[in-house]
Amino acid sequence: MASVKADAGTISYREAVAEGIAREMRRDPAVVCLGEDIGAAGGVFKTTAGLFAEFGPQRIWDTPISEQAIVGAAMGAAMTGIRPVAEIMFSDFLACCWDYLANEIPKVRYMTGGQVTVPLVIRTANGGGLGFGAQHSQAVENWALTIPGLKIAAPSTPADVIGLMASAIRSDDPVVFFEHKGLFASKGLLPPEGHLVELGKAAVVREGTDVTLVALAYTVPIALAAAERLAAKGISTEVVDLRCLIPMDMTTVLASVAKTSRLVTVEENPHQAGWGATVVSVVVDEGFQLLDAPVRRVASANVPLPFADALEDEVMPTVDKVVAAAESVANF
Amino acid sequence: MSSAPAIEAARLLDLYEQMAVIRRTEKAVYDLFLAGLVKGTTHLASGQEAIAVGASAALRPDDYVFATYRGHHHAMARGASPQACLAELMQKATGLCKAKGGSMHLTYAAGNMLGSYAIVGAHLPMAVGTAWSARLRGTEQVSVAFFGDGATNIGAFHEALNLAAVWKLPVIFVCENNLYMEYTPIGAVTAADHPAADRAPAYRLPAQVVDGNDVVAVHDAMAAAALRAREGEGPTVIEAETYRHYGHSRTDPATYRPAEEVERWLKHDPLDVARARLEALGVTPDAIGKVDDRASAQVAEAVAEAKAAPPADIAEAFTDVWADGGSAWRT
């Protein structure tokens, strides 16, 4: 097929972030990046490696450790013809500029009666599994989900990083873009130039008939690994990669549940007020007649993220926990 | 410091009229609130008109302005009509923000007045961002953030000044120091005599303290700062000393202010200061009186039109979240 080029290589999730940004910066001179250590240093996770060399200091701006100034300046620039891509180094630090995510960016268009529009992207390294402790490991995608007015993307593969990054930067709406620390080293196919993944379109990444797993970012490979184990036990599992929390693709989720009649959400954010609660509420409200079993949520425990590997595993979603939950509903 | 030409009589009379319209609009808001026609809360700018009008007079129409929840004067100084402001406060469909913003969020993007923000200090980094954008686009536009004395003690103020200084951006930080953060004297909670101006040197920024009730003094300071910004010399901090005639917000009778202090400042009313300047330039009391009458008539008409306007359109509750005009969050 023409879409799979003979020379198509692989790319890591980490490299895909810089590649996705670079493709948009080549396309549109209004795209400008700012953040801490993103320039010559290439970012603490090397997710902006090469951008400074290619685009220079007028497109790639190193900032002080000033999260409010970073996101606030991005907001002002976005109002006036620039498409800023702001990096907040760890998603935990979003709390340092939460006013902008909670009160300013998502509300300005509405409260001005549509006079002011802010096309910007806030990129941030999210999630646990690397032993960074309670203040550098959180999965905070559910924080953003509490605020009407923010779009939320959280890719699970390098191709989706590139495709969703393109859509996020081109979007006239503010997008919070969660890059997962635990996925940076993972590899996948390098998508062709022009690759776009529409915001709010989930992907069915494995088809099945007995149970639906809805996953996001880091939990997608966990769900896929669980599906393999479940297959060995005779349970056919469908895995939906939600890709975005807003817009939330409930059409795909409800269609999958119509097929399987069983639902398990696989979330990394804490169980309390996690995104799965919203997914489940819609399914129960609009698809109750589709269900043959109780719905289960596998999410992180309602405790701060601990440091030690064994403790972190105890708290976060694992393949074992997903298999157990899926079996419980499949055998209900 | 200033190379701005002196404001001549006709121009000053025009600025006086703008201030007179704002003063009467704010009085109308006060009365309409008591009559139950304005709800929620209001933070009136009576007494602080010279800062908005003097500053605007020194700016280009395409310069960017950001204000606080006490921002009626800035919206009007950038061209928003009293009628649209009043209609917004009275929850009318013809309101400046379709009745979705209210008193604390008056915005007039047509005049590059990019919003009134009600989280203290939040808009200073935004003004840094529009200044950065102007630099990136090569437009020589200047950005201005107006803020209260209380904002100088919040982190965003310091992050904004530092980043603007490091990037040498064309932004002017204008502190409207009305002596009270809300109910507490600013001096009681600030380890600096001039809460904005005294902090500026730490960021290697020039600062000027001006009489915020003198429209000419404000204009001249702004003209100099704008020139400096346009010439690529970077940000300036202006601290304009002023006084609000009403309490902090609608529910505050401001009984905490000493009577003699109130008396002293009421005698230094920005309209009186401008009137004295006009008379010194040879403008007759009769000519000033005609302007006063015209301002009164304009605001009376605005009140009548706002009262007669249709109420907020219910359908607007679900528009303007996204750039496509809608509010859909899921499929």
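Determine the pairs where a residue that is at the interface with chain A (Cβ under 8 Å from one of its Cβ atoms), located within region B:99-110, has a partner that is surrounded by fewer than 22 Cβ atoms within 10 Å (Cβ to Cβ) and outside any loop (DSSP other than H, G, I, E, B) with Cβ atoms under 7 Å apart, the partner being 6 or more residues away or on another chain.
Partner pairs satisfying both residue conditions: B:100/B:316.
May I ask you to list the residues in region B:194-226 that are out of contact with any Ser or Thr (no Cβ under 8 Å at 6 or more places or on another chain), more than 10 Å from residue B:239 (Cβ to Cβ) and charged (D, E, K, R)?
B:204, B:211, B:214
Inspect region A:129-145 for any residue being closer than 12 Å to residue A:177 by Cβ and away from chain B (no Cβ under 11 Å) and give the result as yes or no.
yes
Give region A:20-47 a look and list any residue that's surrounded by 21 or more Cβ atoms within 10 Å (Cβ to Cβ), farther than 20 Å from residue A:119 by Cα and either of a type in the set (A, V, I, L, M) or under 23 Å from the mean Cα position of the chain (by Cα) (or both), or say none.
Passing the criteria: A:38, A:43, A:47.
Would it be correct to say that residue B:169 is more than 8 Å from chain A (Cβ to nearest Cβ) and either assigned to a helix (DSSP H, G or I) or modelled with pLDDT of 95 or more (or both)?
yes
Can you find a residue in region B:52-69 that is farther than 20 Å from residue B:312 by Cα, open to solvent by 10 Å² or more (accessible area, probe 1.4 Å) and within 11 Å of chain A (Cβ to nearest Cβ)?
First, the residues of region B:52-69 that are farther than 20 Å from residue B:312 by Cα: B:52-69.
Right, trim to open to solvent by 10 Å² or more (accessible area, probe 1.4 Å) and you get B:56-62, B:64, B:68-69.
So of that shortlist, the ones also within 11 Å of chain A (Cβ to nearest Cβ) come out as B:62, B:64.
Scanning region B:52-69 turns up at least one residue that is farther than 20 Å from residue B:312 by Cα, open to solvent by 10 Å² or more (accessible area, probe 1.4 Å) and within 11 Å of chain A (Cβ to nearest Cβ).
Given the residues A:109, A:123, A:83, which is the only one that is among the basic types (Lys, Arg) and at the interface with chain B (Cβ under 7 Å from one of its Cβ atoms)?
From the options A:109, A:123, A:83, the qualifying one is A:109.
Considering only region A:201-298, give the strands (runs of 3 or more DSSP E) lying wholly within it that have at least 3 residues that are open to solvent by 10 Å² or more (accessible area, probe 1.4 Å).
Because the criterion is at least 3 residues that are open to solvent by 10 Å² or more (accessible area, probe 1.4 Å), the strands (runs of 3 or more DSSP E) in region A:201-298 that meet it are A:203-206.
Could you list, in sequence order, all residues of region B:121-147 that are open to solvent by 30 Å² or more (accessible area, probe 1.4 Å) and either in contact with a strand residue (DSSP E or B) (Cβ under 8 Å, 6 or more places away or on another chain) or more than 7 Å from every other protein chain (Cβ to nearest Cβ) (or both)?
Result: B:135, B:136, B:138, B:139, B:140.
In region A:156-175, how many are more than 14 Å from chain B (Cβ to nearest Cβ), of a type in the set (A, V, I, L, M) and crowded, with 23+ Cβ neighbours inside 10 Å? Step through it out loud before you land on a result.
To start, the set of residues in region A:156-175 that are more than 14 Å from chain B (Cβ to nearest Cβ) comprises A:156-166.
The next check asks that each one be of a type in the set (A, V, I, L, M); those that pass are A:159, A:161-162, A:164-166.
Next cut, crowded, with 23+ Cβ neighbours inside 10 Å only: A:161-162, A:164-165.
The total comes to 4.
When region B:212-236 is examined, which residues are found to be under 27 Å from residue B:23 (Cβ atoms) and crowded, with 24+ Cβ neighbours inside 10 Å?
B:212, B:213, B:215, B:218, B:219, B:221, B:222, B:225
Please go through region A:1-11 and pick out each residue that is surrounded by fewer than 19 Cβ atoms within 10 Å (Cβ to Cβ) and modelled with pLDDT of 95 or more.
If the condition is that a residue be surrounded by fewer than 19 Cβ atoms within 10 Å (Cβ to Cβ) and modelled with pLDDT of 95 or more, then A:10 is the only one that fits.
Within region B:202-213, is there a residue that is assigned to a strand (DSSP E or B) and of a type in the set (S, T, N, Q)?
Yes, region B:202-213 contains a residue that is assigned to a strand (DSSP E or B) and of a type in the set (S, T, N, Q).
So which residues in region A:161-200 are closer than 19 Å to residue A:83 by Cβ, under 12 Å from the mean Cα position of the chain (by Cα) and part of a loop (DSSP other than H, G, I, E, B), if there are any at all?
A:199 - this is the single residue of region A:161-200 that is closer than 19 Å to residue A:83 by Cβ, under 12 Å from the mean Cα position of the chain (by Cα) and part of a loop (DSSP other than H, G, I, E, B).
Exactly one of these conditions fails for residue A:78: (1) within 7 Å of chain B (Cβ to nearest Cβ); (2) in contact with a Pro (Cβ under 6 Å, 6 or more places away or on another chain); (3) among the aliphatic types (A, V, I, L, M). Give me its number.
It is condition (1) that residue A:78 fails.
Here are A:308, A:325, A:301: which of them is touching a Gly at 6+ places or on another chain (Cβ under 8 Å) and closer than 25 Å to residue A:180 by Cα?
Matching residue, one of A:308, A:325, A:301: A:308.
For region A:243-257, give me the residue count where each residue is touching a residue at least 60 places away in the same chain (Cβ under 8 Å) and either touching a helix residue (DSSP H, G or I) at 6+ places or on another chain (Cβ under 7 Å) or of a type in the set (A, V, I, L, M, F, W, C) (or both).
Going through region A:243-257, the residues touching a residue at least 60 places away in the same chain (Cβ under 8 Å) turn out to be A:243-247.
If we keep only those that are either touching a helix residue (DSSP H, G or I) at 6+ places or on another chain (Cβ under 7 Å) or of a type in the set (A, V, I, L, M, F, W, C) (or both) too, we end up with A:243-246.
Result for region A:243-257: 4.
Here is a list of conditions, (1) within 17 Å of the chain's Cα centre (by Cα); (2) open to solvent by 40 Å² or more (accessible area, probe 1.4 Å), and residue B:194 meets all of them except one; can you say which number that is?
Among (1) within 17 Å of the chain's Cα centre (by Cα); (2) open to solvent by 40 Å² or more (accessible area, probe 1.4 Å), residue B:194 violates only (1).
The values are calculated or read from the model by the stated rules, or taken from the named source; none is laboratory data. Bear in mind the structure is a predicted one, so any value in this text is a computation, not a measurement. Glycine gets a Cβ as well: all are built from the backbone with ideal geometry, and neighbour counts include every protein chain shown. Just so you know, the surface numbers come from the protein's heavy atoms only, side chains and all, with ligands and any DNA or RNA stripped out. Shrake-Rupley method; radii C 1.70, N 1.55, O 1.52, S 1.80 Å.
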